[in-house]
Amino acid sequence: MAGCRILILHGPNLNLLGRREPELYGRQTLAEIDQLLKKRARDLDVQVGTFQSNSEGALIDRIQEAMGHLDGILINPGALTHYSYSLRDALAASGVPLVEVHLSNIFAREPFRHHSVVSPVAVGIICGFGEESYLLGLEALLKMITKRQD
Ligand code: DQA
């Protein structure tokens, strides 16, 4: 696990965390969540890079740039979860394990949120635990990477 390189991606509107529908997404900002993730990564001795974009293309470009220099991806695709085949294809093309996370429990919300086009290419999905979804997702991803290396 030590030295693992993880890319953490946040999709559209997650830059608004803290002031975006706090009853659903909590009061923590994205910068605070990234700090929590970086601290956990330091404790676990793994390297993380974080990136947020409101643009599908920019997220795909970031995945393509990282290809060949990565051991895993942790992603909250935001609304792209529900319809972005191009993001899903880029994630599948990356060739590394990925874990999908959501702050809210997407299955307890509107029907259009119950379907993820990303989940079929993910190792697993964690949702509904607020910022803890990200931390749990990071730990789950690292466990999966270690298992695959054994
Ligand atoms: C979200 C859930 C999505 O349905 C929504 O579009 C988001 C945030 C979450 O973290 O709960 O932007 O991914």
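Only the coordinates and a few stated rules stand behind these numbers; no lab work does. Since this is a predicted model, take the numbers as computed values, not measurements. Because the Cβ atoms are built from the backbone with ideal geometry, glycine has one as well, and the counts that use them run over all protein chains shown.
Computed over region 5-149, the percent of Cα pairs more than 23 Å apart is 27. Toward the positive end of the charge dipole of region 5-149, with +1 on the Cβ of Lys and Arg and -1 on the Cβ of Asp and Glu, the farthest Cα among Ile6, Thr81, Gln149 is that of Gln149. Gain on full extension, evaluated as 0.36 nm per residue between Ser119 and Ala93 minus their Cα-Cα distance, stands at 7.9 nm. Comparing Val46, Leu91, His69 along the charge dipole axis of the chain, the residue lying farthest to the positive side is Val46, per the Cβ-charge model.
Which value in deg cm²/dmol, rounded to the nearest 500, describes the helix-derived mean residue ellipticity at 222 nm for the chain, given -39,500 (n - 2.57) per DSSP H run of n ≥ 4 and division by the residue count?
Values: 5 runs with 59 residues, N = 150.
Value at 222 nm, helices only: -12000 deg cm²/dmol.
Here the gap between Asp150 and Leu44, fully extended at 0.36 nm per residue and compared with their Cα-Cα distance, gives a gain of 36.4 nm. Using the empirical formula 2.2 N^0.38 Å as the baseline, the Cα radius of gyration of region 12-71 reaches a ratio of 1.30. Determine the sum of side-chain charges near Val101: Lys and Arg each +1, Asp and Glu each -1, restricted to other residues whose C-beta is under 10 angstrom from that of Val101. My count for the surroundings of Val101 gives -3.
The stretch between Ser86 and Leu16 holds 22.8 nm of extra length on full extension. This uses 0.36 nm per residue minus the Cα-Cα distance. What you get for region 1-114, charging only the Cβ of Lys and Arg (+1) and of Asp and Glu (-1), is a dipole of about 240 debye around the Cα centre.
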